[in-house]
Each structure stands twice: as C-alpha cells, then as structure tokens.
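Below is one structure, written out as structure tokens; comments come after it.
The values are calculated or read from the model by the stated rules, or taken from the named source; none is laboratory data. From a predicted model like this one, the values you see are computed outputs, not experimental measurements. Note: ideal-geometry Cβ built from the backbone for every residue, glycine included; neighbour counts use all protein chains shown. Accessible surface is based on the protein model in full, side chains and every heavy atom, while ligands, DNA and RNA are left aside. Shrake-Rupley method; radii C 1.70, N 1.55, O 1.52, S 1.80 Å.
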Amino acid sequence: MKLKPLFIVTFLMLYCAVSNAQGWRQRVAPRENIPLDSIQLSDPFILADEKTRTYYMTGTGGMLWKSKDLATWSGPYMVIEVDPNSWMGPHPMVWAAEIHQYKDKYYYFATFTNRDVKIDTVANNVIERRACHVLVSDTPDGPYRPFGDSTYLPANMPTLDATLWIDKDKKPYMVYCHEWLQNRNGTVEKIELKPDFSGTVGERKILFRASDSPWSRENTDDGSVRPNMVTDGPFLFKTTKGKLGMIWTSWIRDIYTQGVAYSQSGTLDGPWIQEPEPITPPNFGHGMIFRTFDGRLLMSVHSHRKDARGRTIRRPRFFTLSNKGSKLKLGQEYHP
C-alpha cells in the first residue's frame, strides 16, 4: 500500500502549523507592503469585510494578514487567544482557520491540535487530540477568544477543516472532516451549531466519504489503484440558479487536487453527487470562494509545489470563477 501522499498531508500540516502563539509574537514582527506572492500560507481564507473595506486573510498557523487591494498585505498579526487549561493546552497547533461574519460578531473556525494528548492508534499511526473549535470577536482583526462549550465534537475523534453553512432551515451548521488516519476513509460531516455558535447540538451526520469521489485515487503496493482516503478543506457555495455545491480537496496519487460535489436536494443532507473531474489544475487545493469589493468572484487556494531544494512550498493563489447556471466554472489565475 503506497501511503506517500497521505503522509505528505499530515507532515505538511504539522510543518506549517503554529505551535506556540507567544513564540510567534516574539519572532515575527508585522510588516507592511508584503506582495501576495511572497507569503507562504496553507489553506488561505479571505474575509472581504464590507464594514472596513479590508480583506483579511488567515489559514494554517493562526496568523492574520490585511490588505486593501489583494496585491499587497500587512502582517502577520497574532489574533487568537486560547485557554491553556482547556483540552487544547497552552500551545496548540492551529490549522485551516476561517473567519465568518454573522450578525454583529466575527467567528474564527479552526482546527486545534494538542500534541501532548494521544487519543488513538490506528495502523501504527498515533493520533493526537485534534478538533474543530470556534472562537469569537467583535472585530475582524480580533482578538478571537474561546466562549461557550468546552468542546464542539467528540474528544475521541480527530476532526479538522471546519467551515460554516446556514442551510435552508435557517439553522447554522459546522461542516468538517473526520480524519482518514482514524476511519481509513475520510468523511465530510455536518453538525448543527447553537444559534450563537457557542456549541453544537444534536448528532453529527456523514455527508460523503473520500471513496465516493471518482477522481481521487492512489496506488497500492500490488500495483492496483484504489480510492484515496483523504478528505480535506470543505467549503460550501451556491450557484446563481440556487444549486448547492461544495469544493473539497484530496489527492490524485501524489498530486494535491480539488474537486466539487453538488447536493441533489439543495440542502446539506444531499445526496451529494461528485463531479467526475477535479475543478482545479494539479497542485492547487484547499479552496474557498469570495467576492471582491468590485464584484469579482474569486477562488482562493494554495499552490502545492516543490522548490529547487525539494521543499514543498505553499502560497496563496486566486482564480477567477463563474457561478452562473447550475455549476461552478473555474477561469484563469487572477493576479491582483
């Protein structure tokens, strides 16, 4: 069984994550006029905040960048605070952060990992305590602090890459992945949030599995090909005709790639039908969709490429999009 692409996922997440918030305050001083193409960042998420007419970019690492034009940025800024006495511990890793405005608050959805706590061992992989959680702030640039429930998802499950969706029933939901390291066939799932996002209610529900995808594949030791096990980075959207879709990321052998699925019912409950081909070019993934202040629809992703020394480098990249009709269509790479 060839696990190389799967181990790459975990290694890069560990490599890119911030493990000590105070240490970053000491080592990284915010700078001005940083070109977008000089920023290294996994899982870039853009909040286009109408109140401040500012773009806020976050992702893996728990840091924040600010821009007025998407081309040059200031940062990085440390904007989160965690409770050292919680399950996260004093120095959690922070992955795949997102900032969502809802009513009069800003909510920070992120994956936190406490490497000192082990919750399971599967196929010789020791699984650390990792879970999606929500922080809150009155302003888009923080500080974001814990509130409400101490946990959002079961403590014995490694979960990651949470995002927000308000479904047709007008209720908020957390959509996230149950990591393949434990279940051996990664899932995308949903759970209802409390009205103020301070916790979850009810039972979680599986929306689809990694093996449902016709395009994500990996080689095995015997030379056969099987479905890839990874689910990564879900993000929900609607087309102009009201069709509910989801972009999410996996692998085609050793190539990081993003696909898209559509809900037949128009709700999170699906059923979800996977498109036969990926939506991004090879080596782009973990995307989200936002609209610029001048009305342009863009997809934010990170590139996944090796430099001359063989190191994998991830940088934020934008693509133009069209959501007219019933399906999303990717355009050219956009250079602000």
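For segment 47-90, the alpha carbon positions stretch 39, 19, 12 Å along the principal axes, listed from largest to smallest.
Just by accessible area at a 1.4 angstrom probe, what is the order of 260, 201, 136 from largest to smallest?
Values: 260 5, 201 55, 136 30 Å².
The ranking, largest first, comes out as 201, 136, 260.
When only the Cβ of Lys, Arg, Asp and Glu is charged (+1, +1, -1, -1), the dipole of segment 240-319 relative to its Cα centre reaches about 440 debye.
If you sort the three axes of the alpha carbon gyration tensor as a ≥ b ≥ c, you get a/c of 1.5 or more for segment 130-287 and a/b above b/c, which makes it prolate.
Along its first, second and third principal axes, ordered by size, segment 232-292 spans 33, 30, 16 Å in Cα coordinates.
Its Cα gyration tensor gives the chain an equivalent ellipsoid, and the semi-axes of that ellipsoid, as √(5λ) in whole Å with the largest first, are 26, 24, 22. Sparsely packed loop sites in segment 118-172 (the chymotrypsin sites (Phe, Trp or Tyr not before Pro) outside DSSP H, G, I, E and B with at most 13 other Cβ atoms within 10 Å) do not occur. Within the accessible surface of the chain, defined with a 1.4 Å probe on protein heavy atoms only, the carbon and sulfur portion equals 49 percent. Proximity of backbone amide H atoms, modeled 1.01 Å from N, is registered between residue 102 and 107 at under 5 Å, excluding neighbours fewer than 5 places apart on the same chain. Debye-formula intensities of segment 204-336, expressed as log10 I(q)/I(0) at q = 0.22 Å⁻¹, are -1.36 (one equal scatterer per alpha-carbon, no solvent).
DSSP loop (so not H, G, I, E, B), at most 12 other Cβ within 10 Å: list which GluC sites (Glu not before Pro) in segment 189-238 pass both filters.
Details: sites: 189, 192, 203, 218; in loops: none.
Here no loop site has a sparse enough neighbourhood.
Within segment 215-307, antiparallel bridges make up roughly 95 percent of the DSSP beta bridges whose residues both belong there. Count charges around residue 193 for me, please; just the other residues with Cβ under 15 Å from its Cβ, Lys/Arg as +1, Asp/Glu as -1. For residues surrounding residue 193, the net value is 0.
Solvent exposure of residue 93, expressed as accessible area, is near 10 Å², computed with a probe of 1.4 Å over the protein chains only.
Proximity of backbone amide H atoms, modeled 1.01 Å from N, is registered between residue 279 and 258, 259, 260 at under 5 Å, excluding neighbours fewer than 5 places apart on the same chain.
With a cap of 13 neighbouring Cβ atoms within 10 Å, and only residues DSSP puts in a loop, list the trypsin sites (Lys or Arg not before Pro) found in segment 75-183. Of the trypsin sites (Lys or Arg not before Pro), the ones in loops of segment 75-183 whose Cβ has at most 13 other Cβ atoms within 10 Å are 103, 168, 170.
Let's see if you can work this out: charge +1 on each Lys and Arg Cβ, -1 on each Asp and Glu Cβ, no other charges. What is the dipole magnitude of the chain about its Cα centre, in debye to the nearest 20? So the magnitude is around 600 debye.
Leaving out ligands and nucleic acids, and using a 1.4 Å probe, what accessible area per residue does the chain come to in Å²? Don't skip to the answer; put the middle values down first.
On the way: 14160 Å² over 336 residues.
Per residue, the chain has an accessible area of 42 Å².
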